[in-house]
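Asker: My structure is below; once you've seen it, I'll send some questions.
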Ligand code: C2E
Ligand code: CA
Ligand code: CA
């Protein structure tokens, strides 16, 4: 079933409507024309009939006149009338009447009384006769005894009028039949009351026939139609006694013929409609079938099916070119879709899978439940290659690595700048350690990039399916955790260890909480201060600021933990700014309270690299109206060495502004003396691992002593932190340390405790 407003239906409907309108117009025109033509014919017939009719009656009248004249001029007859010789009169009348075949042959006196008549029965027609006597010699139609006659009345003169003769013919059925034969129309005579006198039609005499003739109807196709077309004619009658004739033209034949023609026309119209319908359906199908095919094609395109299709064989040229354009469009879309798909799934540089494709792939292979190894590997110091050889060479290196990776069967992806992932199927006998080592060995072979022979060093983290996880996402995360662990443990390859993932999640939760604590600044984060004793002056002239985080529920989070998390997530920038502000505000506050003390602030490597760090520091100084010389910035030896050049320029800048710089945790990094010499710093802070057991460790004593000597040789202050006992303090004093810091002196405390502590300390030292 086609929809109502389908093209096919519309075309068929239009075609049929046109044909119907056309047929109707033809039909109506034809019917009107035929009818008009017929009416014209009828009219003509009437005129003709009237002539024939009049001529006939005139002839009859002439016959009557002649007969009457002959009779009235007959001398013998006149004598007989004068003498009232009844026998002679009768015989003459009979003779003359017989000669012309008259139906009336009467003789009457001047008063209209009948003298002689061929009537069997004597009747009184005086009045009629008297009326006729008004105009003797003129032919009339009169009704006598319900019978119509055509009569003529002539006087019998001798020489004066002595009587009248009346001669007449009866207008009977014979006459009407003859008239019908002559004219071809039905003839009916009627009297003053319009009662039928005689007719060529089988009608009841005296009936109200005119109304009947006018209302008689023929059944028609749509409605009934009149059977006759009638025409009335008045006959020459005696005044006051009118007689008429109704000429009726039967329409039966005409309508029969018309109906037959109408039927033929209708059949023809029906056939034309049928033909038109078939033709239009055929035509429409030629249009709609290919159109429907195009619709199906477009839907298939939408579903990504671009297969070639064969066009409906009857399609015309326009449709065919549309179809071809469609097919071409499909092919173009398919090509573009494939390109887009490729780009969406692959890494544009190396052509390896990208991260999202890798995850899809992992989902597939994890469903198969066969063992495999997922390895994430990155190039050690790739940034250095980019910096020294340029990014183009860097890209070429990555491409070469991608090609090298593919040596072993597996799936490969690039998920970050220099981070690759390999999905390596494992046989039950494969040893994963060997597999990963083989991979690294092949990667460590020198790469031919442009004209260079480049040797890259890789670090890899790996996990195994199904032992280390069931889902793709989990496996990828765990392989990355293993890579991170390899980095932090500084090994080439590392497998994921049970529980590391959970630890990571925990750490992520801590990071989130830290972010929130910083945003809210609701007192969860605050600073502690640990005094430093200047061994040269014996004064406590400095404190080190140390951050503290007490989470709701009195949960203390180790600064080492959250600081390292903040460093890994980049949160450290914001955190350091918070610390700097808090410390400066506090120092300002102490100054206002009359305590003039310097503060050391711990700074991270990322702060050092951040372009806003210096402007921020100077801005904060201005904000709290402090001199830079009351602030020392502590930077770990490792942080300073990791980005030496930048460190030098920043430290120079900091020093020029008046800040002091201290090398924190000195001794555990691997900085060479030469490098240390280049750094514009003021102080060395020997790591507490050398100090904690200084009193008992001869090695530590040796190291500390040489460090102090070295520091002094470089013109630096040397500070020892982690001094927990008197012995260590005395040793350090003897070794020439400039300052100490440690639990022996005091544990870190809240800012408010500084004043009482100082007072207490001064009191104690005075006693000593
Ligand atoms: P650090 O800069 O080496 O700070 C000294 C650490 O040694 C502090 O630990 C301090 O409480 C502790 N300490 C001081 N004297 C002794 C002692 O006699 N014996 C022992 N066993 N320990 C002593 P804390 O406060 O836990 O800080 C740990 C590390 O967290 C700091 O090491 C520093 O690297 C980092 N940190 C603390 N606060 C901040 C900060 O505000 N910003 C940055 N960037 N790092 C901070
Ligand atoms: Ca420190
Ligand atoms: Ca330290």
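Asker: Among what's in the stretch 88-102 and is in contact (Cβ under 8 Å) with a residue 24 or more places away in the chain and surrounded by 17 or more Cβ atoms within 10 Å (Cβ to Cβ), pick the residue that is nearest to the chain's Cα centre (by Cα). Reasoning before the result, please.
Answerer: Filtering the stretch 88-102 down to residues in contact (Cβ under 8 Å) with a residue 24 or more places away in the chain leaves 89-90, 93-94, 96-97, 99-102.
Then keep just the ones that are surrounded by 17 or more Cβ atoms within 10 Å (Cβ to Cβ); that gives 89-90, 93, 96-97, 100, 102.
Working: 89: 118, 90: 116, 93: 113, 96: 111, 97: 108, 100: 105, 102: 103 Å.
Among residues in the stretch 88-102 that are in contact (Cβ under 8 Å) with a residue 24 or more places away in the chain and surrounded by 17 or more Cβ atoms within 10 Å (Cβ to Cβ), the one nearest to the chain's Cα centre (by Cα) is 102.
Asker: Moving to a separate point now. Looking only at the stretch 743-754, how many residues end up being touching a helix residue (DSSP H, G or I) at 6+ places or on another chain (Cβ under 8 Å) and not in a loop (DSSP other than H, G, I, E, B)?
Answerer: 3
Asker: Among the numbered conditions (1) under 14 Å from residue 533 (Cα atoms); (2) within 15 Å of ligand 3 (Cβ to nearest atom), tell me where residue 729 comes up short.
Answerer: If we test residue 729 against (1) under 14 Å from residue 533 (Cα atoms); (2) within 15 Å of ligand 3 (Cβ to nearest atom), just (2) comes out false.
Asker: Here's a follow-up. Taking residue 524 as meeting all but one of (1) within 16 Å of ligand 3 (Cβ to nearest atom); (2) in contact with a strand residue (DSSP E or B) (Cβ under 8 Å, 6 or more places away or on another chain), write down the number of the exception.
Answerer: (1)
Asker: I'd like the full set of residues that are farther than 21 Å from residue 81 by Cα, surrounded by fewer than 23 Cβ atoms within 10 Å (Cβ to Cβ), touching a residue at least 60 places away in the same chain (Cβ under 8 Å) and in contact with a helix residue (DSSP H, G or I) (Cβ under 9 Å, 6 or more places away or on another chain), limited to the stretch 141-166.
Answerer: Selection gives 143 alone.
Asker: Could you list, ordered by first residue, the pairs with Cβ atoms under 7 Å in which the first is in the stretch 661-687 and over 24 Å from residue 628 (Cβ atoms) and the second is more than 13 Å from ligand 1 (Cβ to nearest atom) and part of a strand (DSSP E or B), at least 6 apart or interchain?
Answerer: Final answer for the pair search is 686/718.
Asker: Filter the stretch 677-706 down to the residues that are in a helix (DSSP H, G or I) and either more than 16 Å from ligand 3 (Cβ to nearest atom) or surrounded by fewer than 21 Cβ atoms within 10 Å (Cβ to Cβ) (or both) and list them by number.
Answerer: Of all residues in the stretch 677-706, those in a helix (DSSP H, G or I) come to 677-678, 688-691, 698-706.
Residues satisfying the conditions are 677, 678, 688, 689, 698, 699, 700, 701, 702, 703, 705, 706.
Asker: Is at least one residue of the stretch 720-742 within 13 Å of ligand 1 (Cβ to nearest atom), assigned to a loop (DSSP other than H, G, I, E, B) and under 26 Å from residue 593 (Cβ atoms)?
Answerer: Within the stretch 720-742 (the criterion being within 13 Å of ligand 1 (Cβ to nearest atom), assigned to a loop (DSSP other than H, G, I, E, B) and under 26 Å from residue 593 (Cβ atoms)), the answer is yes, since at least one residue qualifies.
Asker: I've got another one for you. Might you check whether a residue that is outside any strand (DSSP E or B), more than 13 Å from ligand 2 (Cβ to nearest atom), without any contact (Cβ under 8 Å) to a residue 12 or more places away in the chain and more than 24 Å from residue 721 (Cβ to Cβ) occurs anywhere in the stretch 602-609?
Answerer: So in the stretch 602-609, the residues outside any strand (DSSP E or B) come out as 604-609.
Add one more test, that the residue is more than 13 Å from ligand 2 (Cβ to nearest atom), and what stays is 605-609.
Narrowing the set further to residues that are without any contact (Cβ under 8 Å) to a residue 12 or more places away in the chain leaves none.
The answer is no; no qualifying residue exists.
To keep it simple, each residue is scored yes or no on (1) more than 52 Å from the chain's Cα centre (by Cα); (2) surrounded by 21 or more Cβ atoms within 10 Å (Cβ to Cβ); (3) within 16 Å of ligand 1 (Cβ to nearest atom).
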{"residue": "492", "(1), (2), (3)": "yes, no, no"}
{"residue": "524", "(1), (2), (3)": "yes, no, yes"}
{"residue": "544", "(1), (2), (3)": "yes, yes, yes"}
{"residue": "550", "(1), (2), (3)": "yes, no, yes"}
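Asker: Still on this structure, I have one more. What's the number of the condition residue 621 fails, among (1) buried (at least 18 other Cβ atoms within 10 Å of the Cβ); (2) without any contact (Cβ under 8 Å) to a residue 40 or more places away in the chain; (3) within 11 Å of ligand 1 (Cβ to nearest atom)?
Answerer: (3)
Asker: Sort out which residues of the stretch 300-322 are over 23 Å from the mean Cα position of the chain (by Cα) and either exposed (fewer than 11 other Cβ atoms within 10 Å of the Cβ) or part of a helix (DSSP H, G or I) (or both), and write them in order of number.
Answerer: So in the stretch 300-322, the residues over 23 Å from the mean Cα position of the chain (by Cα) come out as 307-321.
Correct list: 307, 308, 310, 313, 317, 318, 319, 320, 321.
Asker: Give the number of residues within the stretch 634-676 that are more than 13 Å from ligand 3 (Cβ to nearest atom), outside any helix (DSSP H, G or I) and either at pLDDT 95 or above or surrounded by fewer than 16 Cβ atoms within 10 Å (Cβ to Cβ) (or both).
Answerer: Residues flagged as more than 13 Å from ligand 3 (Cβ to nearest atom), outside any helix (DSSP H, G or I) and either at pLDDT 95 or above or surrounded by fewer than 16 Cβ atoms within 10 Å (Cβ to Cβ) (or both) within the stretch 634-676 amount to 7.
Asker: What are the pairs, 6+ residues apart or on separate chains, where a residue within the stretch 512-534 that is closer than 27 Å to residue 757 by Cα and free of Cβ contacts under 8 Å to residues at least 40 places away in the same chain has its Cβ under 9 Å from a residue that is in a loop (DSSP other than H, G, I, E, B) and away from ligand 1 (no atom under 14 Å from the Cβ)?
Answerer: Cβ pairs passing all conditions: 524/552.
Asker: If you check residue 259 against the conditions, is it more than 30 Å from the chain's Cα centre (by Cα), part of a helix (DSSP H, G or I) and touching a residue at least 24 places away in the same chain (Cβ under 8 Å)? Let's see the steps before the verdict.
Answerer: Details: more than 30 Å from the chain's Cα centre (by Cα): yes; part of a helix (DSSP H, G or I): yes; touching a residue at least 24 places away in the same chain (Cβ under 8 Å): yes.
Spelling it out, residue 259 is indeed more than 30 Å from the chain's Cα centre (by Cα), part of a helix (DSSP H, G or I) and touching a residue at least 24 places away in the same chain (Cβ under 8 Å).
Asker: Name the strands (runs of 3 or more DSSP E) wholly inside the stretch 107-165 in which the number of residues that are modelled with pLDDT under 85 and in contact with a strand residue (DSSP E or B) (Cβ under 9 Å, 6 or more places away or on another chain) is 2 or more.
Answerer: On the way: elements: 114-116, 139-144, 147-157.
In the stretch 107-165, 114-116 are the strands (runs of 3 or more DSSP E) which contain 2 or more residues that are modelled with pLDDT under 85 and in contact with a strand residue (DSSP E or B) (Cβ under 9 Å, 6 or more places away or on another chain).
The values are calculated or read from the model by the stated rules, or taken from the named source; none is laboratory data. Nothing here was measured: the structure is a model prediction, and the numbers come from that model. Note that each Cβ is placed from the backbone with ideal geometry, even for glycine, and that neighbours are counted across all protein chains shown.
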